[in-house]
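Chemist: Before we start, here is the structure in question, set down as structure tokens.
Read the figures in this text as sums done on the coordinates, not as results from a lab. Here the structure is a predicted model, which means the values were calculated and not measured. Here the Cβ is made from the backbone with ideal geometry for all residues, glycine too, and neighbour counts use every protein chain on show.
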Amino acid sequence: MPRGYIIKFLATMKLIAVFLIAGMLQVSAAGFAQRFNYIKKNTSLKQLFNEINKQTGYDIIWSKRNIKNTRNINADFQGTPLEEVLKIALKDQPLSYTIKGKMIIIRKQTPVTDNFASLIKVIDIKGRVLDENGKPLSGASIKVKSSTKGTTSDGNGEFSLQGIAENAELIVSFLGYTTKEVKATSDPMTISLSPQQNELENVVISVGYGTQKKINITSAISTVSGKEMDKIPSSSLSNVLAGRLAGMHVRTATGAPGAGSGVRIRASASWNASDPLFVIDGVIRDKTSFDALDPNEVDQISALKDAASAAVYGSRAANGVILVTTKKGAPGKAQVEYNSIFTMDKASSYPEYIDMKTALKTTQAAIGGVSDEEIDWVLKANPGGMANFNAVYQDPASQKHSLSISGGSEKLTYYLGGSFFNDKAFLPNTKYNRYNLRSNISSNITRDLTLSLNLATTYGTKNRFNFLTDNSDDLGGLWPKLLYFDVFSIPYMDGKPVNPGWLGNLPEMIKNSGYLRNNNQQIDALMKVDYRVPFVQGLSLHASFSKNINNSFDKIYGEKQTIYNFKRTGPNSLIVTNEILSSTKSGNPEVEYLTNQYTKSDSYQLNTQINYDRTFGKHHLAATGIYEQYEYQSYNFSMTRNNFPLFPVDQFFAASKNNSDWRTGGEEKQDGRLSYIGRVIYEYAGKYFFSGSIRRDGSIKFAPDQRWGWFPSVSGGWLASEENWYKSSKLYNTINMIKLRASYGITGDDGIGGWKWLDQYNIQKGTYYMGNPATALPRISYGGLPAAHLTWEKSESTNIGLDLKIKDRFTFTTELWKKHTYDILGERVLVLPSEFGAKLPASNYGIGDAKGIEFELGYNSNPERAFTYNLKGTFGLATTKTILKDHASNAQPFDNPEGKTASYSTGYRATGILRAPSDIDKLPANYTIMGAKPELGMMNFEDISGPAGQPDGKIDGYDKIVLGKYMGSNNAPISFGLLMNFAYKGFTLDMLFAGSAGFDLTYNDSWGRNFGGGGKIPVYHADSWTAENPGGSTPKLYAWGDSRANGYTEASTFNTYNASFVRMKYLNLGYNIPKSVLKITGINNVKLYTSTTNLFYLSKFKFYDPELNGFGSYPIMRSFILGLNIQF
């Protein structure tokens, strides 16, 4: 790690320490003696508890079941001490209360029925209450059944009771967890509680600029907990989201180290579709920052899918919003957690090839150029044709270690965490390392004032080999050639690299051609201030300031390799002997060089927020007003030097001093937005819900008179199961919860480029000579007509939702949605006179629609049984249609995009191989297939049209059709997932399946579907037609460039396939060491686990992995994992 980075880290830790000490020195005398004001006749306990929470900040922990049959009270509290309020409210009620820190726990009383307690042997008990992960539960209730005795657990989850009847039943409960009954023993007790995953009432999820209870949500929001993902090793956070949320499509386009997955929420109706908006701890960031997060530092991820939830983010929310909440501390003893993962990787699949002997014989028969002698030699010298691949292959592996500590008091809470991730590819010099550090500290300065500081930094290094101009994450320029490159070009002879001609020696390029290295550091600081206004009930203020810095340094070094020319023999000079003729330098790189490129970007976001949240009888009102300011700027500078006069080394001092070998470049960018947001939430009687929001956005990307826009939304919900008539019906015993939702809103997308409303002039690279004698002068060109009325694209969205809970075990959610997008930016296709001298600028004119449906079905077994299991299935369907998009006036029907999807493709309809002379005789006179005269073995196609709109006796561009509506896995209209969790006596088994469906792929390869010959031939050409094999399933093979080969090189129904797939993303088997074994160690929990990722996939598409970018993409890794989780 660079020294400067360490210094910055130490400075950050110093700031954290100062902040910790300052927080610890704060003293508050408010405590439980604070006064409470509330006057309301016939108010329910639920309403009273909510009001206490709003005025005092105390969390009231209660169960709906316990207060179901309690009576209302006439509240008349004016400056009444809070403890007195509780005594009055619970008088003559079957309830009691316990005070623990900032929590008030309401429990149901059980009368004493044992009149002979004095005759029963009594014992003293002590123990701990833990959650499902072995972490202490502070404030858990421990009551003696049929007795008034009870207590609560402390910050370490510990409790004790004296004078308890031997073998008495203890009732242990905690909000959100299933109550458990256990027998009291004199031995130290460890009691683990399981979460009630089907309870919606008290589940809090993140929404834009705040949080809400899930039961109150009226829009389409899906959430996933960080603990569902923290045991999966991955170089980016997006890679572990697949299949977990309905309506979210996650595609792994490459398995290369450090590369992330594409994320899409529902579907975009625009052909300029951008990524969803990423918001981390309330700060708008980008996908790079999202992927840099480690799952261990994430508490929750929410996907805002409809306009009602996303419209508060306005002009950037048209494609959905992903909210991330990072972890923070909680009052209680320090909790330490260490997680370690070691992984062995293997490619899940490679492109499929014909066996080498068959391929060589096929090449010999089809195009010649190889003899039997040469075939025999290469089958011995390079059996399998994998010599190049084997010369560089190394066992890929990865590891991840994370450590965190959290805890605090009522005055101060803290979370400190860090992680290290290392991922090594199966190719030399290709790896990815990342360090993550985060601290999240919150201090209650006074009773009403809270100050929080969230600091985070990420430092990642991505390293790979250098190859020509290919600097893609996919590594697709060179590595796939290892699988098929000329099998006669063995990489080494007697330890010396062989010069194969043309491209060069592939293993030497990977090992010794230099490198591309990127060092990326992100520094994030977020300070928040929250103030509860004491003299206005329900009023609070919030302010936050975030500073985000991104430093990126690229170093690219290109070095030639020494390779050797060996004598070759054989009829076609293909057999390599061990006689050296000469040595030479490789052609890659063309010139040895060194490049340094530095990019720095920094941004800030300032938010001020006023909130009003209060309950009036059965009415609950929450209102929010927000001011948001954002600015961004980036600087880029690069310098390249070519040639090294003495010796090549990756330092500038050794490079050429001749300025003709120098090249520099640089640029600056700016962006800025100003926003005003308002939102009102209303609830009546806990069963009728309404929410409305509006955002006014201004962006410097657009002209001053086009800069501002309005983005409103409304939504409503009805919790029908809370109606008295429903509760009294028989259906209530089966369907315990019914909630209906509907929403409408407008969102925007300003990710369409900026500054196009200005006249632009570009400095050209070349020069212009003027004068006599001529003088070289720089040139400038006009950038085109400005688009003065350019503005953001807009989307109107509607959503209807239904939530059900059935038999307290099943949960079901469905969403039906539609999106109408207009003002889509596009180039105009209009005929202009040549005298016009320019082309028309892009304008906002396009229209598109998208619609779909989503389902999420879950089942949770009885957590009290020894064997428990939870199941969750997700399904999403999202379709698109282009309504208005310019096209040529004489365009053929298949080239008219209107009425079609945003990702359709065209090609020919194959009618079959011409297998017999009679097939050719049936064809019209002068019939041609893409310019070639028909021959036996060629593929034929349907003659659909011609220049006159009728079949014309030849196959050409007029005969195309729509091959597929949704092409490529990134455009799949269907996504689905199945998550299964099982537990039995300390053992756990977790499985996740995910996939995509409804999309097509037109097969393609490194040869553009041509027959390349050589020893490696894709299975696409297997079983080709020959005179000896007239029943072959693929067309006759021709040399590269032969027009007769168009039958298999052109896109058609012959080479377009349904590529739907399902992949086993994750399989984990774990074992929790019994608490009895750990009790003398001071360790709360130890979990050992083994798992695998990407174990297999199923698809009808057999040529290569259909999820990847293409034939030559770096494969998705199948990982075999050993893991250890320790909690103190």
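Chemist: Counting other beta carbons within 10 Å of each Cβ, put Val85, Val680 in order, fewest first.
Modeler: By the 10 Å Cβ count, ascending, the order reads Val680, Val85.
Chemist: Moving on to the next point. Quick one: what are the phi-derived ³J(HN,Hα) couplings along region 207-214, Karplus 6.51/-1.76/1.60 with θ = phi - 60°, whole Hz, x for glycine and proline?
Modeler: 10, x, 6, x, 9, 8, 5, 4
Chemist: Which cross-chain or sequence-distant (5 or more) residues have an amide H under 5 Å from the amide H of Ile1116, H modelled 1.01 Å from N in plane?
Modeler: Gly255, Ser348, Ser349
Chemist: Against the longest principal axis of the chain, how steep is helix 372-381, in degrees 0 to 90 to the nearest 10, with axes from Cα atoms?
Modeler: 30
Chemist: May I pose another question? Projected onto the charge dipole of the chain (+1 at Lys/Arg Cβ, -1 at Asp/Glu Cβ, origin at the Cα centre), which of Leu453, Ile67, Ile735 gives the Cα projection farthest towards the positive end?
Modeler: About the Cα centre, the residue reaching furthest to the positive side is Ile67.
Chemist: Let me ask something additional. For region 765-810 and region 679-716, compute the distance between their C-alpha centroids and round to whole Å.
Modeler: So the two Cα centres are separated by 25 Å.
Chemist: How tilted is helix 3-24 with respect to the longest principal axis of the chain? Cα atoms for both, answer in degrees (0 to 90, nearest 10).
Modeler: In the chain, helix 3-24 runs at an angle near 10 degrees to the longest axis.
Chemist: What ³J(HN,Hα) values, in whole Hz, does the Karplus curve 6.51 cos²θ - 1.76 cosθ + 1.60 give for region 358-363 when θ = phi - 60°, with x put for Gly and Pro?
Modeler: 4, 5, 5, 5, 5, 4
Chemist: Amide H of Lys149 versus every other amide H placed in the peptide plane: which residues, excluding those fewer than 5 positions away on the same chain, fall under 5 Å?
Modeler: Val144
Chemist: What size of dipole, in debye to the nearest 20, comes out for the chain about its Cα centre when the only charges are +1 on Lys and Arg C-beta atoms and -1 on Asp and Glu C-beta atoms?
Modeler: 3580
Chemist: Counting pairs of alpha carbon atoms under 8 Å apart in space and at least six apart in sequence, what relative contact order in percent does the chain give?
Modeler: 10 percent.
Chemist: Further question on the same structure: Once phi is turned into ³J(HN,Hα) by the Karplus curve 6.51 cos²θ - 1.76 cosθ + 1.60 with θ = phi - 60°, what whole-Hz value does each residue of region 455-469 show in order, with x for glycine and proline?
Modeler: 10, 8, 9, 10, 10, x, 10, 10, 10, 8, 6, 9, 8, 6, 9
Chemist: For Met938, Met229, what's the fewest-to-most ordering of other Cβ within 10 Å of each Cβ?
Modeler: Met229, Met938
Chemist: Considering Cα pairs under 8 angstrom that are at least six residues apart, work out the relative contact order of region 404-490 and quote it in whole percent. List each step's numbers first, then the result.
Modeler: Details: 127 pairs, mean separation 19.1, N = 87.
Relative contact order of region 404-490: 22 percent.
Chemist: Can you pull out the trypsin sites (Lys or Arg not before Pro) in region 413-507 whose DSSP state is coil and whose Cβ has at most 13 other Cβ atoms within 10 Å?
Modeler: Filter output for region 413-507: empty list.
Chemist: Additional query: So what are the three principal axis dimensions of the chain from its Cα atoms, in whole Å, longest to shortest?
Modeler: Principal-axis extents of the Cα atoms in the chain, largest first: 107, 72, 69 Å.
Chemist: Per DSSP H run of at least 4 residues, take -39500 (n - 2.57); add these up for the chain, divide by its residues and hand me the 222 nm value, nearest 500 deg cm²/dmol.
Modeler: The helix-only estimate for the chain comes to -2500 deg cm²/dmol at 222 nm.
Chemist: Another question about this same structure. What GluC sites (Glu not before Pro) does region 1028-1128 have in DSSP loop regions with at most 14 other beta carbons within 10 Å?
Modeler: On the way: sites: Glu1028, Glu1050, Glu1107; in loops: Glu1028, Glu1050, Glu1107.
Loop-located and lightly packed - Glu1028.
Chemist: Next up: What are the residues whose amide H is under 5 Å from the amide H of Thr190, where those residues sit 5 or more places off or on another chain and H is modelled from the backbone?
Modeler: Amide H to amide H, under 5 Å and 5 or more residues apart or across chains, Thr190 pairs with Arg128.
Chemist: Just name one of Ile677, Ser235, Leu884: the one whose Cα is farthest towards the positive end of the charge dipole of the chain (beta-carbon charges, Lys/Arg +1, Asp/Glu -1).
Modeler: So the residue we want is Ile677.
Chemist: Rounded to whole Å and ordered largest first, report the semi-axes of the equivalent ellipsoid of region 478-534 derived from its Cα gyration tensor (root of 5λ).
Modeler: Ellipsoid half-lengths, sorted descending, are 55, 12, 8 Å.
Chemist: Could you size up the charge dipole of region 556-621 around its Cα centre, putting +1 on the beta carbon of Lys and Arg and -1 on that of Asp and Glu, and report it in debye to the nearest 20?
Modeler: Dipole of region 556-621, to the nearest 20 debye: 240 debye.
Chemist: For region 1017-1069 and region 418-458, write down the distance between their C-alpha centroids in whole Å.
Modeler: Between the Cα centre of region 1017-1069 and that of region 418-458, the gap is 47 Å.
Chemist: Here is a follow-up. Placing unit charges on C-beta atoms (Lys and Arg positive, Asp and Glu negative, everything else neutral), compute the dipole magnitude of region 259-396 about its Cα centre in debye, rounded to 20.
Modeler: Taking the Cα centre of region 259-396 as origin, the dipole is about 680 debye.
Chemist: Residue farthest toward the positive end of the dipole of region 803-920, with Cβ of Lys/Arg at +1 and Asp/Glu at -1: which of Gly852, Gly826, Leu804?
Modeler: Leu804
Chemist: Between the alpha-carbon centers of region 563-615 and region 870-904, tell me the distance in whole angstrom.
Modeler: 36
Chemist: Same structure again: With a/c under 1.5 counting as rounded, go ahead and sort region 216-335 into rounded, prolate or oblate using the C-alpha gyration tensor (a ≥ b ≥ c being the square roots of the eigenvalues; past the cut-off, prolate if a/b is larger than b/c, else oblate). Display every interim value, and only then the final one.
Modeler: Working: a/c = 1.89, a/b = 1.21, b/c = 1.55.
Verdict is oblate for region 216-335.
Chemist: For the residues Val370, Val1019, Val1077, what sequence is obtained by ranking on other C-beta atoms within 10 Å, fewest first?
Modeler: Val1077, Val1019, Val370
Chemist: Let me ask something else. Structure shown: which of Lys481/Lys1065; Lys54/Lys91; Lys462/Lys560; Lys108/Lys214; Lys87/Lys143; Lys143/Lys872 lie over 31 Å apart, alpha-carbon to alpha-carbon?
Modeler: With Cα atoms farther than 31 Å apart: Lys143/Lys872.
Chemist: If one computes P(r) from the Cα atoms of region 369-500, what percent of pairs lie at distances over 23 Å?
Modeler: Working: 5109 of 8646 pairs.
Pairs farther apart than 23 Å: 59 percent.
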